[in-house]
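The values are calculated or read from the model by the stated rules, or taken from the named source; none is laboratory data. Everything numeric here is computed off the predicted structure, so don't read it as measured data. Here the Cβ positions follow ideal geometry from the backbone for every residue, glycine too, while neighbour counts run over all protein chains shown. Surface areas here come from the heavy atoms of the whole protein model, side chains and all, with no ligands, DNA or RNA. Shrake-Rupley method; radii C 1.70, N 1.55, O 1.52, S 1.80 Å.
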Amino acid sequence: MKEGVSFLYTEQELRGIMHFLSEVILSMDSWHMNSVVEHIKSPQVMKAMIDNDAFVKTHQALARNPNASPEILVELYEFSKTKNTNSDFKTILKYILANPNVPVDFVINLLQSGVLDEYLKDCSTGFALAIAQNQHLPLIVIRELVMHLSSVGALLEVLRNRKDSLDSTLAEYIYNKMRAIHSTSPLAYAKDLALVKTMPAHILEAVYHKSHDYKTRVVFARNPNTPSHILSKLAFDTNLNVRLAALANSNMPPETLAKACHIAASRNINNAKLILKTIVSNPSCPKEVLLDLTMYHNKFIADAARKALGHRQSVSLAQAV
């Protein structure tokens, strides 16, 4: 074809070409066919593959295609609902819900209409996970999802996959719903609750006493919402990892940092250098503590304290301008 020469096709001719391309793809072996379908970019070819009454596996691959438009995904849903068995339809629908291009109003409508209720009863179906893992779906969808969940396992899927994006109101609602389903279940999942940075302080305090495992205590020590009196306790935990995590928390009370610094600097304890470095790096470390540490016998710690003081002075000057 010469450059600059174009050919115009009628709508019927174009539909025929797309149909032919879809036939070529469908003639491939299963592995290659699914691989191609998952990466198709042409909406016309996608539509032709739906209209072509393609294999179930092909529709599944199409539902997974990140290039599939919202319109294609909805059309695929409507087609699968009437043409596929219930089992195949469930699988295709799950892939559609996990697709980054699935329309928000479409998902909300499925939830509100009760279409998904049967699939959300049991977390093993993977529907709650598919929606929770889809980071392209906003919190308005997650709120609607949580309202329709009735198992602790499904609620945990939301906590684990949305721990960085939940607001405190929704985090508390999930906690209360877990308690309503099984009164002691939140205590068994203290670590999952503590991983949510927006989890309200009174909830963290309520489940903290179940944190016997040091890895769980580390999570509590890192959470900025952990109550100050618990952070102060964790600053002197028997496990070094817990202590360091707590001492690095910017919400650690300054008086606790000063006390921990005094103990580490004045006593011959293990890992004193690491503990002092962590305290120096904490923006809540009192200025007086930093000044004292500039005279510390260890040059590494003394230099770190001077650097921290210099940084604070620079920030203060910048804010004053």
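Counting only residues that are among the polar types (S, T, N, Q), part of a helix (DSSP H, G or I) and in contact with a helix residue (DSSP H, G or I) (Cβ under 8 Å, 6 or more places away or on another chain), which one in the range 71-92 is least open to solvent (accessible area, probe 1.4 Å)?
Per the criteria, the residue is S80.
Counting the residues of the range 109-139 that are open to solvent by 70 Å² or more (accessible area, probe 1.4 Å) and within 15 Å of the chain's Cα centre (by Cα) gives 3. Comparison of A180, A132 shows that the only residue that is under 18 Å from D192 (Cα atoms) and either at pLDDT below 95 or basic (K, R) (or both) is A180.
Within the range 234-248, one or more residues are assigned to a loop (DSSP other than H, G, I, E, B), modelled with pLDDT of 95 or more and within 25 Å of R162 (Cα to Cα).
Any chance the range 249-257 includes a residue that's at pLDDT 95 or above, open to solvent by 10 Å² or more (accessible area, probe 1.4 Å), of a type in the set (D, E, K, R) and within 30 Å of L291 (Cβ to Cβ)? The answer is yes; a qualifying residue exists. If you go through the range 203-219 and pick out every residue that is touching a residue at least 24 places away in the same chain (Cβ under 8 Å), within 21 Å of L170 (Cβ to Cβ) and open to solvent by 20 Å² or more (accessible area, probe 1.4 Å), you end up with 1. Of the helices (runs of 4 or more DSSP H) lying entirely inside the range 99-200, those containing at least 1 residues that are closer than 25 Å to R217 by Cα span 152-161, 168-181, 185-188, 190-194. Which ones in the range 264-288 are within 21 Å of V242 (Cβ to Cβ), in a helix (DSSP H, G or I) and touching a residue at least 12 places away in the same chain (Cβ under 8 Å)? Within the range 264-288, A264, A265, K273, L274, I275, L276, K277, T278, I279, V280, S281 qualify. The set of residues in the range 182-199 that are surrounded by fewer than 16 Cβ atoms within 10 Å (Cβ to Cβ) and closer than 23 Å to S165 by Cβ contains only K197. The lone criterion from (1) open to solvent by 20 Å² or more (accessible area, probe 1.4 Å); (2) part of a helix (DSSP H, G or I) left unmet by I230 is number (1). None of R306, R222 is free of Cβ contacts under 8 Å to residues at least 60 places away in the same chain, of a type in the set (D, E, K, R) and closer than 18 Å to K197 by Cα except R222.
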